1. Kindly indicate which of Ala30, Ala37 is under 15 Å from the mean Cα position of the chain (by Cα), farther than 24 Å from His241 by Cβ, buried (at least 24 other Cβ atoms within 10 Å of the Cβ) and not basic (Lys, Arg).
2. Hey, could you check the stretch 55-81 for residues that are closer than 29 Å to Asp146 by Cα and either of a type outside the set (Gly, Ala, Ser) or open to solvent by 20 Å² or more (accessible area, probe 1.4 Å) (or both) and say which is farthest from the chain's Cα centre (by Cα)?
3. Return yes or no: is Thr31 touching a helix residue (DSSP H, G or I) at 6+ places or on another chain (Cβ under 7 Å) and modelled with pLDDT under 95?
4. When the residues of the stretch 141-192 are narrowed to those that are outside any loop (DSSP other than H, G, I, E, B) and touching a helix residue (DSSP H, G or I) at 6+ places or on another chain (Cβ under 9 Å), which ends up surrounded by the most Cβ atoms within 10 Å (Cβ to Cβ)?
5. Run down Gly246, Gly341 and say which single residue is part of a loop (DSSP other than H, G, I, E, B), modelled with pLDDT under 95 and within 30 Å of Pro133 (Cα to Cα).
6. Restricted to the stretch 89-115, and to residues that are in a strand (DSSP E or B) and open to solvent by 10 Å² or more (accessible area, probe 1.4 Å), which residue is modelled with the lowest pLDDT?
7. If we scan the stretch 215-228, do we find a residue that is aromatic (Phe, Trp, Tyr) and surrounded by fewer than 14 Cβ atoms within 10 Å (Cβ to Cβ)?
8. Could you tell me whether Ala210 is of a type in the set (A, V, I, L, M, F, W, C), surrounded by fewer than 22 Cβ atoms within 10 Å (Cβ to Cβ) and modelled with pLDDT of 95 or more?
Amino acid sequence: MNTPKQTDDDPLHTLRNGAGMRVTISARGATLRSWRAPDRYGKVADVLLGFPDAAGYAGNAPYFGALVGRCANRIAGASFALDGAVHRLDRNDGDNHLHGGLVGLHLARWQVEAEAGGLLLRHESADGDGGYPGNLQVQVRYRLGDDGSLSIDYEARADAPTPVNLTSHGYFNLNGGAAGIGDHLLRIAADSYLPIDAQCIPYGRAAAVAGSAFDFRQAAPIGPRLGWPEPQLAQFRGFDHCYCVGPAGALREVAWVCDPASGRELTVATTEAGLQFYSGNFLAGVRGRGAAPYAMHDGFCLEAQAYPNQINGPDAEAVVLRPGRVYRQTTVYRLGVQGAGA
């Protein structure tokens, strides 16, 4: 059931299910504004971080809950070559391009249409937005199932070749903000990850997770890993790395997270080759919905996507959308309570 409501300048829409969950979505940035869900005791809390009101989302520097693109993550040097032409993008992360640039999809006003069991949002990114070539028509469907699954289905079409790599940038905290994420147990189905340089750009080949802080093939608490003497973690005060969960194609489960205190657990399934794990390293001082500002590691992101900077790598063509083709991606976040069959 969809229950739309309005604020002065930021239309909101709410999805509900039979398990007592409510997911609120904003037309600005096709943003997941909140996801309220019960814990093992039936206490309802919001498992997504966010701003206290619409004003914060006007800029949304942390990208709270936003749909980001045209290209999620970083593009080195804010440029890429495609079909013999060099395209210069917005430099909004030092010398690099991040999450679609200054006029990325996370700030766009999307058209919203209620559908049975969900919402359909549409937007057209004009030729030249952020420096990208071609007009891009993009749509996303959100559906909330009674099993606690929030499915996100993306489609995009372009009238000129352009790179496309979309993702949802939700920050989760399964204890509802009662504490940080240190006690959360995490499992990621990946044997390798992409090491990054000082500008957060992947370099070289994928590295094996075995024997490192990056090995979450067996569930482990996040907190202790943050203190491991690992240079890859020290330079960014935590995780901000892409795990190789591919190949892209069939929908399959790639991650699981559980908060032992509340009993809430989250699974992530996707069709994408990469899963960016970000441990909220730069949240300190951001004013959120609570009485106090957020602290470092108060939330985590699991962003399903293609690889960062892939448009400048040997497999660039895999992220190029050409006229006549359709970009499709599906990611499903499923939230439940441990031991309740969820």
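The values are calculated or read from the model by the stated rules, or taken from the named source; none is laboratory data. The structure displayed is predicted, hence computed values, not measured ones. Here the Cβ is made from the backbone with ideal geometry for all residues, glycine too, and neighbour counts use every protein chain on show. SASA here: full protein model, heavy atoms, side chains in, ligands and nucleic acids out. Shrake-Rupley method; radii C 1.70, N 1.55, O 1.52, S 1.80 Å.
1. Ala30
2. That would be Tyr57.
3. no
4. Per the criteria, the residue is Asn165.
5. Answer to the selection: Gly246.
6. Glu115
7. Scanning the stretch 215-228, I find at least one residue that is aromatic (Phe, Trp, Tyr) and surrounded by fewer than 14 Cβ atoms within 10 Å (Cβ to Cβ), so the answer is yes.
8. Against the criterion (of a type in the set (A, V, I, L, M, F, W, C), surrounded by fewer than 22 Cβ atoms within 10 Å (Cβ to Cβ) and modelled with pLDDT of 95 or more), Ala210 qualifies.
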